[in-house]
Structures are given as structure tokens and as C-alpha cells.
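The values are calculated or read from the model by the stated rules, or taken from the named source; none is laboratory data. Because the structure is a prediction, the values reported are computed rather than measured. Positions of Cβ are generated from backbone atoms using ideal geometry, with glycine treated the same way; all protein chains shown enter the neighbour counts.
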């Protein structure tokens, strides 16, 4: 229990410093600042993989015995990094959706960080609950792995056939239900989520409505990404920590990539192939008791993602010629 509490306290300290100290005043996040934050979150994520290695290798605080699977440090660290990269890769599609949501609700750039911050808080809670439920199902029902595999293949197919114009923030069912109980102001009221309406009634601002849409969108993305990481490992500690560190870097990554994410057209194909690869691994390799080396899955995912990025950059440069 102390390990789980310690990790959650560590993440809480990071978030408190983020909003309470470094981003206390609303301001537009520049690309340079976003790159610094992205570098920080990536560095912390990689540093945590070092902790994973020694914790599983030497069973610090019972990790690998009472908590997690009894595996070597190298296997645990590679598995953690694979899960982290999968979640970070799938977040790229989420970034484009968030950009569409902010554009639709006309959220000023200086308030976008606030929306994403509270969106991350909600995502941490929902991801934790979904991972706990997934771990419970995987432990008690072996056949659930095949369900997860089918979900990933279906997600890959949907992603391949999807059209960006299918995103309709105004039709979000949660928002439609909220509108039945609370009015929505026509304009942004600084950084406030709620304001007094006509002196007495509480009303939602477009900032809060955007937060709700971002939150519910993340939950839908989690239904795709969480089965993907359970294909890599069933260890709940590695699943949870890799997922959380990937989510923490999503905000800064958004401010780096949002303006030109649509130019990475081949990254989407890479994500489709990654999801299909993981899905097939669950549906075909599991019943045949074929266990791929941890480094092989990591190498495949990294090469596919890098290939999509490089091909996209090459095509963009070709257009400029």
C-alpha cells in the first residue's frame, strides 16, 4: 500500500508545483516553454524507468513480490517503457481532437493550460479506476484478453476509416445532460468554470463545457489505450505508472504539436499498425503460447512510430520543393 500511496503523493506534488507555482497566472504557453516542460516530463518518465529496474531487481518495498509480477529488473523496465511509448503514441490522435475542441469553443490560448490541467486530474482518476477494473478482469477471466484484442483490432479499423469531420463537441451526451440543469454563458469569463447568472443562478462557462468534452473524450480514448497496454503486461503497477507518466506529458506535448499535428499524416497509419500488431499479439500469440521478447515489442512500436514521423516530414518537405 505504501508504494501506491507514495506514487500518488509524488504525482500530486508534481501537479501542485505545476499549477500552484510555475503556472499560477494564466498565460499563453509558447512553443519554447512547452518544449521545456515536455523535456522535463519525458526525463522524469525515463528516470522512473531506472527506479522500476532497481525496484523489481532488488524487490524494493516488496515490488515484484507483494506488488507487481516477480520479473527481473530489465524485463520490468523494458515493459514499462513499451507501455509508456504506446500510451504516448496513442495520445497524438487525442491531441488533434483536443485542438478541435478548443477551436470549436473558442478557448483563448492563455486559458487552455487550465482546462488541460483539470482534464489531466480527471483523467488520472478515471484511468486509475479503469486500470483497476481491467486488472481485476484479467486476473479472474483469462478470456478477457481476447476481448481486449478484438477491441484493439476494431479500434485500428475505425482509426483507418475515421474522418476528422466526425468530431462534434456540441453533441457530447454529457454536455447535453448538463445543459438541462445549468445555463451556459455566451462568452469566456476569464479563467472561471462557473459564474453567477443574473445575480443568483450558477451558470457554466464555455471553459467548463470544453473541460467536460475533453474529459469524456479522454475516457473514450482510454477504452482503446488501456487494452493495448494489457497486451504488453498484466502487472497493474507497471500498467498504472506508465499510463500516468504518459498522461502527465500530454499537456505540454499538446502545445508543442497542436499547431502542426495534422501534417503528420503517416503517423495515423503507424498507430493503426501498432494497434493491429498488439491486437494480433493478444488474439493469436496468446492461445498459441508464443511469448515475444519484451525488447521485440518495444523495437516494433518505436520503429513504426519513427517511420510514420519521418515519412510525414519527408512528404512535407517534398511539397515545399
Across region 65-85, the tally of residues that are surrounded by 20 or more Cβ atoms within 10 Å (Cβ to Cβ) and in a loop (DSSP other than H, G, I, E, B) stands at 1
Some residue of region 99-114 being touching a residue at least 60 places away in the same chain (Cβ under 8 Å) and within 14 Å of the chain's Cα centre (by Cα)
no
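Residues are listed down the side, and each one gets a yes or a no for (1) under 26 Å from residue 296 (Cβ atoms); (2) crowded, with 19+ Cβ neighbours inside 10 Å; (3) touching a helix residue (DSSP H, G or I) at 6+ places or on another chain (Cβ under 6 Å):
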{"residue": "176", "(1), (2), (3)": "no, no, no"}
{"residue": "180", "(1), (2), (3)": "no, no, no"}
{"residue": "183", "(1), (2), (3)": "no, no, no"}
{"residue": "189", "(1), (2), (3)": "no, no, no"}
{"residue": "202", "(1), (2), (3)": "no, no, no"}
{"residue": "210", "(1), (2), (3)": "no, yes, yes"}
{"residue": "224", "(1), (2), (3)": "yes, yes, yes"}
{"residue": "235", "(1), (2), (3)": "yes, yes, no"}
If you go through 109, 88, the only one that is buried (at least 20 other Cβ atoms within 10 Å of the Cβ) and either closer than 26 Å to residue 205 by Cα or out of contact with any strand residue (DSSP E or B) (no Cβ under 6 Å at 6 or more places or on another chain) (or both) is 88
Considering only helices (runs of 4 or more DSSP H) wholly within region 184-273, the ones with at least 2 residues that are under 30 Å from residue 77 (Cβ atoms) and modelled with pLDDT of 85 or more are 206-230, 236-248
Residue under question is residue 145, and the condition is that it be surrounded by fewer than 18 Cβ atoms within 10 Å (Cβ to Cβ) and at pLDDT 80 or above; does it hold? no
The residue from 50, 5 that alone is at pLDDT 90 or above, part of a helix (DSSP H, G or I) and exposed (fewer than 13 other Cβ atoms within 10 Å of the Cβ) is 50
### Task
Test residue 158 against the criterion of being part of a helix (DSSP H, G or I) and without any contact (Cβ under 8 Å) to a residue 40 or more places away in the chain, and give yes or no.
yes
